[in-house]
Amino acid sequence: DVCFGDTGISIFRCVFGRYALARILWVGRKTMLDAMKMKLPLLWVPLEIRVEDLRKLPSWVRAVFPRGLYFESTAVILNLLKRSNGLFFDCKCLLWSSVACVAASGSALALTTAGVAPGTLVVAPRRAKRSRALVSSSAPGGSSDAVSSLFSAGVDYAAIDFSSLPTCARRGSALLSSQLGFPLSASVPFFYIRFHKPNSSKLTEWFLVDDFATVMPKLNVSRWDAMPAWVFESKTLRALAAGAALIFRGMDIRDVATSPFSLLEVFDPTIECRHNYTYTIWAGVDFVILLPDGRVLDKRLFLLELLKAYADAA
């Protein structure tokens with residue numbers, strides 16, 4: 001028997017790392033119920049669901065997939081993982097564009113839709129009609145990070161076209177606007193970030209990042225030598241160092257990221273869009289971002305929405 005909570009590996013990383021696991025499970029005819037017995041978080045990879053297993057699965061699974069879930073081939077699974085990565089990337093591009101607006105204005109303008117200040121994690125009221133099935137924070141694959149905040153109905157996830165890379169930030173804006181049912185502000189002066197712990201469905205604490213717009217330009221260099229001391233004490237660097245320490249224990253962030261510019265690339269979509277990359281991890285670790293008004297950037301949320309769309313079309 002395999003128990004993922006006891007293994008010395010960390011699965012939930014890049015698209016192809018997760019696809020390798022999903023392929024092994026699908027070829028071995030392992031279902032969501034099998035995965036749950038193995039303590040594999042249920043929203044890490046696409047998993048088949050047998051109708052006869054529904055009564056043994058969490059209530060949110062029964063609500064979302066009343067007819068079960070089946071995949072014709074591993075190619076379908078790979079496409080779902082690529083698309084969930086792409087949706088996360090689009091929202092990350094939007095985040096970069098929003099922070100760039102703050103940097104250009106020279107002031108930290110609060111989100112007009114939220115009216116909150118750094119350090120106060122206030123979530124705006126849910127104004128839009130919600131999907132009827134919610135993933136509770138205690139569900140396998142969930143955590144205490146607002147996984148229950150699903151997207152509003154009306155977004156056709158299956159029809160999203162990723163071939164037009166320059167429009168990624170606009171797609172991200174539309175996706176995030178659907179989450180609470182009203183548009184984003186033009187700028188995001190701060191956000192919270194947390195990281196997936198290896199070998200676990202748990203995440204780190206939230207790290208407040210409110211100096212992103214001032215730190216990022218300083219990282220646009222190839223060497224650490226001339227980096228101002230205040231950058232290393234910034235909340236941006238401290239958060240990224242905490243994420244890197246989950247895999248590279250005891251190592252200085254300058255040894256993990258040999259170039260400051262590689263930190264910039266975690267968030268700057270320019271090179272990725274040009275070369276059709278989707279860099280959505282940092283130092284081998286997945287991360288979740290929470291915006292000031294409660295919107296969440298989480299690959300698990302996107303995968304769930306894509307699975308729902310796939311099941312509805314079947």
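In nm, to one decimal, how far is the Phe16 label point from the Met227 one, both placed 7 Å along Cα→Cβ?
Roughly 2.8 nm, to one decimal.
Scan around Asp286 for amide H atoms under 5 Å from its own, H built in the peptide plane at 1.01 Å from N, and keep only partners 5 or more places away or cross-chain.
His196
At a 1.4 Å probe radius, which order do Trp230, Trp96 fall into by accessible area, largest first? Display every interim value, and only then the final one.
Values: Trp230 120, Trp96 55 Å².
The residues order as Trp230, Trp96, largest area first.
Calculate the FRET efficiency for Ser59 and Ile247 from the Cβ-Cβ distance with a Förster distance of 41 Å, rounded to the nearest 0.05.
Working: r = 34 Å, r/R0 = 0.83.
So the FRET efficiency works out to roughly 0.75.
Suppose R0 equals 35 Å. What FRET efficiency, 1/(1 + (r/R0)^6) with r the Cβ-Cβ distance, do Met38 and Thr214 give to the nearest 0.05?
Details: r = 45 Å, r/R0 = 1.28.
So the FRET efficiency works out to roughly 0.20.
Compute the FRET efficiency between Phe261 and Ile24 as 1/(1 + (r/R0)^6), taking r as their Cβ-Cβ distance and R0 = 30 Å, and round to the nearest 0.05. Intermediate values should be presented prior to the final figure.
Working: r = 36 Å, r/R0 = 1.19.
The pair Phe261/Ile24 has a calculated efficiency of 0.25.
Which of the lysines could a cross-linker span from Lys82 if the Cα-Cα distance has to be under 20 Å and same-chain partners fewer than 8 positions apart are dropped?
Result set, ordered by chain and number: Lys92, Lys299, Lys308.
Which order do the peptides 214-224, 292-302 take when ranked by the mean count of other beta-carbon atoms within 10 Å per residue, highest first? Can you show the working numbers first?
Values: 214-224: 15.4, 292-302: 24.3.
Listed from highest to lowest mean packing, they are 292-302, 214-224.
The values are calculated or read from the model by the stated rules, or taken from the named source; none is laboratory data. The model shown is predicted, which means the values in this text are computed figures rather than measured ones. Note: ideal-geometry Cβ built from the backbone for every residue, glycine included; neighbour counts use all protein chains shown. Quick note on the areas: whole protein, heavy atoms, side chains included, nothing else; ligands and nucleic acids left out. Shrake-Rupley method; radii C 1.70, N 1.55, O 1.52, S 1.80 Å.
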